[in-house]
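Contents: one structure, followed by commentary.
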Amino acid sequence: MHLKTLSARVVFAAFLLVFLPAGAVPANNLPVVPAPAVESITPGELRMHLEFLASRELGGRYTLAPNFSIAARYLASRLKADGFRGAGDHGDFLQSFEVVSSMPDAEKSQMSLTVGGQTGNYAFGDFYPARDSSGDAQGQLVFAGAGISSPAQKHDDYAGLDVKGKIVVIVPSAAAGIDQSRLGPAEAGPEAARAHGAIGVLLIPQQRFAEMMKNKSFRERMVEREAVALAKSTDGNLPSAVLGPDLADKVLALAGLNLKDVYETVRKKEMLAPKAMEASAKLVIAMRQTRVTTQNVAGILEGSDPQLKNEYVIFSAHYDHLRTDDKGIYPGADDDGSGTTAILSIAHAFAQGERPKRSILIIFHAGEELGLLGSEYNTDFAPIVPLDKMVADLNIDMIGRSKPAGDDAKEDEHLTDAHTIYLVGADRISPELNQISEETNSEFQKLKLDYYYNDVNNPERIYYRSDHWNYAKHGIPVIFYFDGVHVDYHKTTDTVDKIDFDKMTQVTRLVFETGWRLANMDHRLKLAAH
């Protein structure tokens, strides 16, 4: 709030001290958070939403299931009731997009490798499709190291390497000095290969994946594996395959390497030198595909400031979960019924009393469990609002569970207790965002903020595994709120009766309080210098 005179400031400060509850006076001149709005976020309201979203009648909210649209309409109706306007198609709350569901045709997928005039033939199981597109490619092999081409980071594995009309071999990794979070959409992987003229890609498996491939049942599971991708993202995809360990060793030998040494190089974050290979390959990837339409749910609450209302603070969660199978229904109460419910309550809180200066974009993403599809659509293909008008994304994915005293289950090793929550990404793009987050927590909820998963070297790579990533990769500051993986993660036992609604209330209030301040600051967040 801008006050024109010193006397007005004094009167306003006195008002704060007398009428606002203890702890409500803002630190470092941060915007005042309205207590009534915060107090509207209650355990009872959270339970009400979650008991519906995680009910058996919704069947687990699988993105491609018919009853997924019931969840979408529930979310839309709540946003409408709270005064948000539809931000989707034709003024509705639904942002529709098309996805492609693919399953491999194992019999028609083939590969051959020709070295010194001798050709070896390989079948599905020696390799697996890496993308969700059918296609074929035949040409000389070229080893492109990590396959990264990033002018901004002054690193180019394709420099001096002719890959036009050829099949590129890549070890997905990043050497020291490469920040993967700053890589553009065509600066790594098959996209970078295509940008340099390649016609196909062979990927060396990551070590953990290579170990899984050795399991006798792995091939059978892959034959039955459904892969889903945005229809728009599959256009023009190169035929790509992940090599099994044995075939990977044979291909690497053509570059004077072996799988064991490559994994050690990756572990040390050292460079893998690109080079030509005296060999050629033919790759045929065959997929059976169907197209399905699904939807994000989005609403906008317009800001009160004539200028700042053209900027948006985003609150997001994914409302999809897993497909019902012979094990039963996967309710997804924590993952991510808890985040979806929290965002609904935050939307309701913003509808109480005065409006913030900036506009609020609430978005519930579909297809997160299938590969962050809804957030990819809203950032890479059809943003609801311009990317350069997005101030920050506060993304919630699992905040409802607490580790009980005496719990020694290995699966709960990193589950947070009733007073702790993991924060990921807060300091990566905007240190100022991290500062505001911490000061707001210290002032209000006083939770323990744990940054274990924010470590760039953490093997779980959580920063890249929920919808905030698709915003972060475009340089939009993010915070990801997360309670940690637990024994019921992606199981039929992720049910409402295990939710800690008191903790969930605290975390939800913290997200609202942080977002309120972002929406009312007199300046946009300062970004880190690169």
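Read-outs throughout are calculated quantities, based only on the coordinates presented, and are distinct from any laboratory measurement. Here the structure is a predicted model, which is why all the values come from computation and not from measurement. Heads up, the Cβs are rebuilt from the backbone with ideal geometry, glycines too, and the neighbour counts pull from every protein chain shown.
So here's what we get for this one:
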read-out: Residue pairs, from the table K166/K214; K214/K410; K309/K448; K80/K473; K108/K216, whose Cα atoms sit over 27 Å apart; value: K166/K214; K309/K448; K80/K473
read-out: Fewest-first sequence of K357, K108, K503, K216 by Cβ atoms within 10 Å of each Cβ; value: K216, K108, K357, K503
read-out: Protection-proxy order for peptides 87-97, 140-150, 176-186, each taking the mean of Cβ atoms within 10 Å per residue, highest first; value: 140-150, 87-97, 176-186
read-out: Rounded to the nearest 20 debye, dipole of region 106-285 from Cβ charges on Lys, Arg, Asp, Glu; value: 160 debye
read-out: Shape call, region 106-285: gyration tensor on alpha carbons, a/c limit 1.5; value: rounded
read-out: Cα gyration tensor shape of region 435-516, rounded if a/c is under 1.5, else prolate or oblate by comparing a/b with b/c; value: oblate
read-out: Helix 501-520 vs. the chain, principal-axis angle (Cα, 0 to 90°, nearest 10); value: 80 degrees
read-out: Net charge contributed by nearby residues that have their C-beta within less than 15 Å of E278 (K/R +1, D/E -1); value: +2
read-out: Cα lying deepest toward the dipole's positive end in region 106-285, options A229, S217, M277, charges on Cβ; value: S217
read-out: Ranked by how many other beta carbons lie within 10 Å on average, peptides 160-168, 265-273, 231-239 from highest; value: 160-168, 231-239, 265-273
read-out: Tilt relative to the chain, helix 68-81 - C-alpha long axis, 0 to 90 degrees, to 10; value: 30 degrees
read-out: Neighbourhood net charge (12 Å Cβ-Cβ; Lys/Arg +1, Asp/Glu -1) for D388; value: +1
read-out: Kirkwood-Stokes translational diffusion coefficient of the chain, alpha-carbon pairs, 4 °C, 1.567 mPa s, µm²/s; value: 52 µm²/s
read-out: Mean Cβ neighbour count within 10 Å, used as a protection proxy, ranking 360-373, 300-313, 478-491, 447-460 highest first; value: 360-373, 478-491, 300-313, 447-460
read-out: Nonlocal amide H pairs with T420, under 5 Å, H built at 1.01 Å; value: K448
read-out: Cut-off under 5 Å, modelled amide H: who pairs with D156 long-range; value: S150
read-out: Footprinting exposure proxy for T63, T420 (fewest neighbouring C-beta atoms within 10 Å first); value: T420, T63
read-out: Shape call, region 334-409: gyration tensor on alpha carbons, a/c limit 1.5; value: oblate
read-out: Cα-based convex hull, region 192-263, per residue volume (Å³, whole number); value: 116 Å³
read-out: Among A146, I70, F52 - extreme Cα towards positive end, dipole of the chain, charges at beta-carbon; value: A146
read-out: Principal-axis tilt of helix 6-19 within the chain, Cα atoms, nearest 10 degrees; value: 90 degrees
read-out: Local electrostatic count, A176, Cβ distance below 12 Å [Lys/Arg +1, Asp/Glu -1]; value: +1
read-out: Residue-by-residue Karplus 3J(HN,Hα) for region 290-305, coefficients 6.51, -1.76, 1.60, Hz, glycine and proline x; value: 9, 10, 9, 9, 9, 7, 7, 10, 9, x, 10, 10, 5, x, 8, 8
read-out: Phi to ³J(HN,Hα) by Karplus 6.51 cos²θ - 1.76 cosθ + 1.60 over region 378-387, Hz, x for Gly, Pro; value: 6, 10, 8, 10, 8, x, 5, 10, x, 4
